[in-house]
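The values are calculated or read from the model by the stated rules, or taken from the named source; none is laboratory data. Not measured: the values here are computed from a predicted model. Every residue, glycine among them, receives a Cβ derived from its backbone with ideal geometry; neighbour counts consider all protein chains shown. Note: areas computed on protein heavy atoms with side chains; ligands, DNA, RNA excluded. Shrake-Rupley method; radii C 1.70, N 1.55, O 1.52, S 1.80 Å.
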Amino acid sequence: CGDHGGPAWEPMFFYHNTVLAGNAPFRGGYLEGLGRAIAEGTPRRLFNNIVVQCGGLPGHVFQEKNPDFIADGNLHWCVAPGVTWQPAEFLQKMRNAKTVQEGKTRYAAGWGAHDVAADPCFLTFSPEWREPVDVHLQKNSPARGAAVPIPADWPPVSSARVVGATALG
């Protein structure tokens, strides 16, 4: 969502997407790095996305200095070979971050208040990029029914550039 070495594209309303990430997020940035590099004076909203880390740990670090940022209802999962990941510890560490507490002035629930750390239960999935995947959700997926409401004043999906999506729902 930006150019190598350049700033991120702003403003950004990123919701109802599935991201299969091959590498650990740069400097541990939340939601594959989307929770960082936020330009001053521009909003960034990250709701109801599924991010699966196929390399490294999921990111839990947010940009400092209370940016115009809100994130919630995202599902995080880690399938990186040889990586030990504790989902409950991940969520606790993320939600206790100083910047999350400061962000409650903009979003009372707190960033990531309704985030989930669990296997999304895709129909078929392999962390091996050469293997085909089907990111439709199984009936027992923890992503089903986990979405937080999208504010009415956000741009509708039909007007956004959609690269590919599996929505939490």
Heavy atoms only, probe 1.4 angstrom, no DNA, RNA or ligands counted: give me 60, 114, 136 ranked by accessible area, highest first.
136, 114, 60
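Would you mind counting up the charge near residue 122? Only other residues with Cβ under 13 Å from its Cβ, with Lys and Arg at +1 and Asp and Glu at -1.
Numbers: positive: 139, 144; negative: 119, 131, 134.
That works out to -1.
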Rounded, prolate or oblate: which one fits the range 81-153, using the alpha carbon gyration tensor with axes a ≥ b ≥ c (rounded when a/c is under 1.5, else prolate when a/b beats b/c, else oblate)?
oblate
With every protein chain present, what accessible area does residue 15 have (1.4 Å probe, heavy atoms only), rounded to the nearest 10 Å²?
30 Å²
Pairs of Cα atoms farther than 24 Å apart, the chain, %
31 percent
Where the only charges are on Cβ atoms (+1 Lys, Arg; -1 Asp, Glu), what is the dipole of the range 1-155 about its Cα centre, to the nearest 20 debye?
320 debye
Where both residues lie in the chain, what percent of DSSP beta bridges are antiparallel, nearest 5?
15 percent
Determine how large the accessible area of residue 141 is when every protein chain is in place; take a 1.4 Å probe and give Å² rounded to the nearest 10.
10 Å²
In the full protein assembly as shown, how much of residue 128 is accessible to a 1.4 Å probe, in Å² to the nearest 10?
70 Å²
The answer for trypsin sites (Lys or Arg not before Pro) in the range 42-91 that fall in a DSSP coil and have at most 14 neighbouring Cβ atoms within 10 Å is 65
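On a full-extension model of 0.36 nm per residue, what is the gain between residue 129 and residue 40, subtracting their alpha-carbon distance, rounded to one decimal in nm?
Values: separation 89, 0.36 × 89 = 32.04 nm, distance 3.59 nm.
Working it through step by step, the gained length comes to 28.5 nm.
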